[in-house]
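The values are calculated or read from the model by the stated rules, or taken from the named source; none is laboratory data. Just so it is clear, the model here is predicted, and its values are computed rather than measured. Glycine gets a Cβ as well: all are built from the backbone with ideal geometry, and neighbour counts include every protein chain shown. Areas reflect the complete protein model, heavy atoms only, side chains present, ligands, DNA and RNA absent. Shrake-Rupley method; radii C 1.70, N 1.55, O 1.52, S 1.80 Å.
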Amino acid sequence: MRHSVNILEPTDLWYLQNNINKETNKYYHPTKSIPFVQQIEIKLENTGVVIQKGSLHSCFGKLNYGVYKTDNRLKDIFVSLMTEIDYNAPVYRGTGVVKLEPRQKGNFLNYTEIEINENEQWELDDGIFQFCSDNVVMGVKKLKWRQMAGSTDGNSRIVIKSLPNQTAQLVTGTLAPAKIIQLRNGEVLIADYDMVKGFTNGIKEDYCKLGYFGKGGGEGYVWTYNGAGRLLVSETDSMGIG
């Protein structure tokens, strides 16, 4: 499975019809918005892809369509975290091209590719999951009420693990750029906002008070992460700088 992030620009005819000089105003015009579009293109070669529900734009090739459903037997064996809800999503298998829904300028995402080895299990905010290879086991984990209060992603998260002796591919999409960092035993990450978008097994997450806010000199409620594993973090989230 290979993918590319394409930026589609207006045609020469569009510029002509809107009386815009493409040479001097290709990206910006003082009175008219230039309609650039971002679109994901996934190429399959006898492989499969699971995509976010409702995100298909088109597909072409020798492809079979189905619905991914969590296998309870596999879930019990391979997913170490308890998942209360099965996960269903569109899956395409075969050889061809799958294109996801285009996103208009102003709603572009920053995409991060993650390799999941057989010893890892990722827990992700549901909203950032875009697609993954089909050699995975997926489920949904409910959040605790305190986590719901501090999260911007509702009441659950997606849990993804690769099948035994295989490496899976996962692609996430965030409003601000994201990167993967390694947390080692004895280290801690503390954030006063929803900085961490996903993490692997071995990481313990909590949303708790750090001291006492106000006269006590504390920070109020913060996100804390400790243990050993990998985290997907977006350090500029909610800053509005893309």
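Count the net charge of all other residues whose Cβ sits under 10 Å from the Cβ of L44, scoring Lys and Arg as +1 and Asp and Glu as -1. It would help to have the intermediate numbers written out before the result.
Details: positive: R2, K43, K62, R93; negative: E45, D134.
In short, +2.
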Exercise. Residues in region 97-129 near a label at E45, defined as backbone nitrogen under 12 Å from the 7 Å Cα→Cβ point?
Worked result: none
Seminar exercise, completed: At the level of C-alpha centres, the distance separating region 175-213 and region 96-125, in angstrom, is 20 Å
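In Å², and per residue, what accessible area does region 1-70 have when probed at 1.4 Å with the other protein chains present? Walk me through the numbers on the way to the answer.
Details: 4690 Å² over 70 residues.
Here the residues of region 1-70 average 67 Å² of exposed surface.
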Exercise. Any idea what the relative contact order of region 1-59 is, in percent, if you count C-alpha pairs under 8 Å spaced at least 6 apart?
Worked result: 52 percent
For this session: Among the listed pairs K32/K197; K62/K99; K32/K99; K62/K179, give every one whose C-alpha distance is greater than 26 Å.
Result: K32/K197; K32/K99; K62/K179
